[in-house]
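Here the structure is laid out as structure tokens; the discussion comes afterwards.
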Amino acid sequence: MKVYLLVGIVILAIVALLATNKKLQETLKNIYKIEELRKRILYTLGLLLIYRLGSFVVLPGINPNALQGLASQLSDSQNGLLGLLDVFSGGAFGNASIFALGVMPYITASIIIQLAGMMIPAVQKLQKEGESGRRKMNQWTRYLTIGVLMLQGPTYVANLAHQSGAAFVYGATGWFYAYATTILIAGTMFIMWLGEKITDKGIGNGISLIIMIGIVARLPHALLAEATARFSVSDGSAIMLVLELILLFLVFMATIALVQAVRKVPVQYAKRIVGNKQYGGVRQYIPLKMNAANVMPIIFAQALMFIPMLFTSIAPSFASAFSSITGFWYNFTLAVLVIAFTYFYTAIIINAQMMADDMKRNGGFIPGVKPGKQTVNYIDGIMTRITLPGSVFLAIVAILPALAMRFLNIQQSFAYFYGGTSLLIMVGVILDTLKQIESYLLMRHYDGLMKTGRIQGRH
């Protein structure tokens, strides 16, 4: 009873704080006044509701009451590949839902296409063809997503049969594999369609919002579980729970600073006179993000940390050293992999040679730096310097859940909101969505969401 009372008091305190904020009230009124923005927000919320409802629709032929073993296995391996899939699908993976595979196949296909852009000249050519090239690459990504689904679908059903064979009402027959895989493919493609509709007619990036809403859906249950555990241990549990919430707030603020941190490189454009008009002659900036790789290094690193479990029978001592997500070697290796993947992925998405060529083609140059090779080296040098602190900070974010569990005795489900993919995705998606809402407000000459009129660092 005390747990529910404390949670209720916290919720009421947050609501009261928001209700007394006149600046926020005025901003919400302005959002409601803009008809297009109001419709886009309601449209987005409606499609997200459809996605969440679909996450609880179980595959035909599966008994949902017999899936407790799979849910327990996922809760014990959330830093592994299976737990990552369950997080990104909003729990649909553990529910054996029609949306069980979520958007991970699409993300996998997108990563493959990005890597192909670095190695295959034909893909590089498409990347430079503007809107037509982008549409063609999106089409390739969809086809590749279906290919990935045709591999992951039967694998998921086979894993389900291995972990929870009793849940199969009619048995794991070949016919069941066929129609279950077809439904899983259709479910993921429907989610992609929802994401594209949100991006086109809603607010924010659709795929990112779908991932975020699945993560946020876990927060109330995780908070309640943490409060229940605190009140069952000691009398000072209320104070400890409040301190945990304050620490979570500070972690969010630090992560926002990481996501928004940029290094502005000045670019001067030469003056050109065409007819009676003068073009160029202005100074602009190239915003180089300190965390350009975003959440991808943590995803890659967590997926690789699942590999040692494959050697349990061959090298049990080696596997046991990486079996505990709060152990030293697990977190040390994870941090090193995050730093390495940050440099790797940043090198893929930040092409200094292309940036230098574009500047030279448009008559731009960095003051004090000659165009060409020196510009490439200058940009590479800046990216190397700012990526180091960014990668170290990202590594700290990756191991924060383990630190919270080990030193603060926080429940595993709640500790995952202190770092890792969950934290970075939530912060990044929320900031991008707020940026779009703020742009609508500023276009209509209303004040933005922040007192300064714009979200800091999102220029």
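Overview of values
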item: Any hit, region 244-258, residues being modelled with pLDDT of 80 or more, surrounded by fewer than 13 Cβ atoms within 10 Å (Cβ to Cβ) and within 30 Å of residue 362 (Cα to Cα); result: no
item: Residue ranges of helices (runs of 4 or more DSSP H) in region 93-167 with at least 1 members in the same structural domain as residue 207 (by TED's automatic domain parsing) and under 25 Å from residue 51 (Cα atoms); result: 104-119, 130-163
item: Selection count where residues are of a type in the set (Lys, Arg) and closer than 14 Å to residue 117 by Cα, scope region 127-145; result: 3
item: Residue check, residue 180 hydrophobic (A, V, I, L, M, F, W, C), assigned by TED's automatic domain parsing to the domain that holds residue 213 and more than 22 Å from residue 208 (Cα to Cα); result: yes
item: Test: residue 184 is closer than 19 Å to residue 105 by Cα, in contact with a Gly (Cβ under 6 Å, 6 or more places away or on another chain) and not acidic (Asp, Glu); result: yes
item: Residue that is modelled with the lowest pLDDT, among those in region 203-240 that are over 21 Å from residue 421 (Cα atoms), surrounded by 20 or more Cβ atoms within 10 Å (Cβ to Cβ) and more than 19 Å from the chain's Cα centre (by Cα); result: 230
item: Any hit, region 265-287, residues being at pLDDT 80 or above and not in a strand (DSSP E or B); result: no
item: Selected residue [surrounded by fewer than 16 Cβ atoms within 10 Å (Cβ to Cβ) and either of a type in the set (Phe, Trp, Tyr) or at pLDDT 85 or above (or both)] from 376, 392, 397, 427; result: 392
item: Answer residue from region 307-364, given it is under 30 Å from residue 124 (Cβ atoms) and of a type in the set (S, T, N, Q) and is modelled with the highest pLDDT among those; result: 342
item: Of all residues making up region 351-400, the number that are more than 30 Å from residue 326 (Cβ to Cβ) and part of a helix (DSSP H, G or I); result: 24
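The values are calculated or read from the model by the stated rules, or taken from the named source; none is laboratory data. In this text, all values refer to a predicted model and were calculated from it rather than measured experimentally. Reconstructed Cβ throughout: ideal geometry from the backbone, glycine too, with neighbour counts over all protein chains shown.
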